[in-house]
Amino acid sequence: MTPFARRVTTLGVLGAVLGGGLVGCGHPVPGPAPASGPPSASGTAAHAPDRSADSPAPPAAPEKPAVLAPGPGGRTPVFERGPQRAAKVVALSFDADMTADEGPRAAAGEHFDNPELIALLRRLKVPATVFMTGRWAEEYPDQARSIGTDPLFEIGNHSYSHYAFTTPCYGLPTVEKDAVRDEVRRAFGAIRETGARNVVPYFRFPGGCYDDDTLRALGPEKVTAVQWDVVSGDAFATDADAVAEQVLDGVRSGSLVVMHCTRSAAPVTADAVRQVVPELRKRGYRFVKVSELMAG
Ligand SMILES: [Zn+2]
């Protein structure tokens, strides 16, 4: 279906271009108590990914989130979706985008947060992973702490500035080569500063843009990069029905959906989620966080 494919591509590009910070989140089963402290990027390095394990960690108290093994030469590994199994699981991820230079816009009244969406996920009991920029955490510290202390959610890193990690990347300003690691550290610092505890060593590239050099440069940070296999098309969308349809058409078992958690650039996301969640449950899907999807 060419028109459909074109729409997906167009919206994906739009999201990346304008979003500077729109990306998704996913959730594992609720229940585990928050870790005693936010995992540090380096602290999780020793925790080998265990994708081959056929029995996932008990939901009660996983000590550390699953991560993938480093790539060749210590490159940052990239996760795109979970294994396709008979048990239908899907992870919703929400990018809490705010770019470093958007402070004046927030001060002028633009909303880069989406409390209605978070409340909806709680009401529907949908676990989710929120990829947060450091700038967003600084602007909305109370919300960041609330999300980061709720076992329903986990917070991944979406960079501090939401600048491009390689070019071209939809027109986003580019991070200096020697500053890419600092972008990751600074974002983790800003997120933890809010009191968030459910912080996972996952990193989502702004715009999803990366290359081999980037993966090599970020290797020492010991994060797992998280992409997606389903683009929701919620960035700058005005038709919630179309977003819901796109998600429902794209989801397979093990899928990882990218959506956004910002009213500014994704105003119909909550309405789309309101449609998607009951329909996927009706189809037999269980919602999980990215960490559970990664654990296999
Ligand atoms: Zn983003």
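The values are calculated or read from the model by the stated rules, or taken from the named source; none is laboratory data. Bear in mind the structure is a predicted one, so any value in this text is a computation, not a measurement. Ideal geometry is used to build each Cβ from the backbone, glycine not excepted, and the neighbour counts take in all protein chains shown.
Scanning segment 212-247 for residues that are over 21 Å from residue 112 (Cα atoms) and among the β-branched types (Val, Ile, Thr) turns up 214, 223, 224, 226, 230, 247.
Quick check: anything in segment 190-206 at pLDDT 95 or above, within 16 Å of the ligand (Cβ to nearest atom) and farther than 26 Å from residue 110 by Cβ? Yes, because at least one residue in segment 190-206 is at pLDDT 95 or above, within 16 Å of the ligand (Cβ to nearest atom) and farther than 26 Å from residue 110 by Cβ. Selection over segment 71-110 of residues that are within 16 Å of the ligand (Cβ to nearest atom) and touching a Lys or Arg at 6+ places or on another chain (Cβ under 8 Å) gives a count of 6.
Which members of segment 185-240 meet the condition of being among the small types (Gly, Ala, Ser) and on the phi > 0 side of the Ramachandran plot? Those that are among the small types (Gly, Ala, Ser) and on the phi > 0 side of the Ramachandran plot: 195, 207, 208, 233. The requirement of being more than 16 Å from the ligand (Cβ to nearest atom) and touching a Ser or Thr at 6+ places or on another chain (Cβ under 8 Å) is not satisfied by residue 122.
Between 216, 186, 181, 192, the distinction of being part of a helix (DSSP H, G or I) and touching a Leu at 6+ places or on another chain (Cβ under 9 Å) belongs to 181 only. When the residues of segment 243-270 are filtered to those that are in a loop (DSSP other than H, G, I, E, B) and away from the ligand (no atom under 15 Å from the Cβ), the one that is surrounded by the most Cβ atoms within 10 Å (Cβ to Cβ) is 251.
Restricting attention to segment 61-101, the residues that are part of a helix (DSSP H, G or I) and either closer than 17 Å to residue 128 by Cβ or at pLDDT 95 or above (or both) total 3.
Of the residues that make up segment 153-167, is at least one more than 14 Å from the ligand (Cβ to nearest atom), over 17 Å from the mean Cα position of the chain (by Cα) and part of a helix (DSSP H, G or I)? Taking every residue of segment 153-167 in turn, none turns out to be more than 14 Å from the ligand (Cβ to nearest atom), over 17 Å from the mean Cα position of the chain (by Cα) and part of a helix (DSSP H, G or I). Pairing each residue of segment 260-281 that is over 17 Å from residue 97 (Cβ atoms) and aliphatic (A, V, I, L, M) with any residue that is part of a helix (DSSP H, G or I) and away from the ligand (no atom under 16 Å from the Cβ), provided the two are 6+ apart or on different chains, yields C-beta distances under 8 Å for 276/244; 276/247; 276/248; 277/124; 280/248.
Taking the listed residues 114, 157, the one that is modelled with pLDDT of 95 or more and closer than 17 Å to residue 228 by Cβ is 157, with no other qualifying. Being of a type outside the set (Phe, Trp, Tyr) and more than 20 Å from the chain's Cα centre (by Cα) is a property that holds for residue 71. When the residues of segment 174-202 are filtered to those that are more than 25 Å from residue 287 (Cβ to Cβ) and in contact (Cβ under 8 Å) with a residue 60 or more places away in the chain, the one that is surrounded by the fewest Cβ atoms within 10 Å (Cβ to Cβ) is 185.
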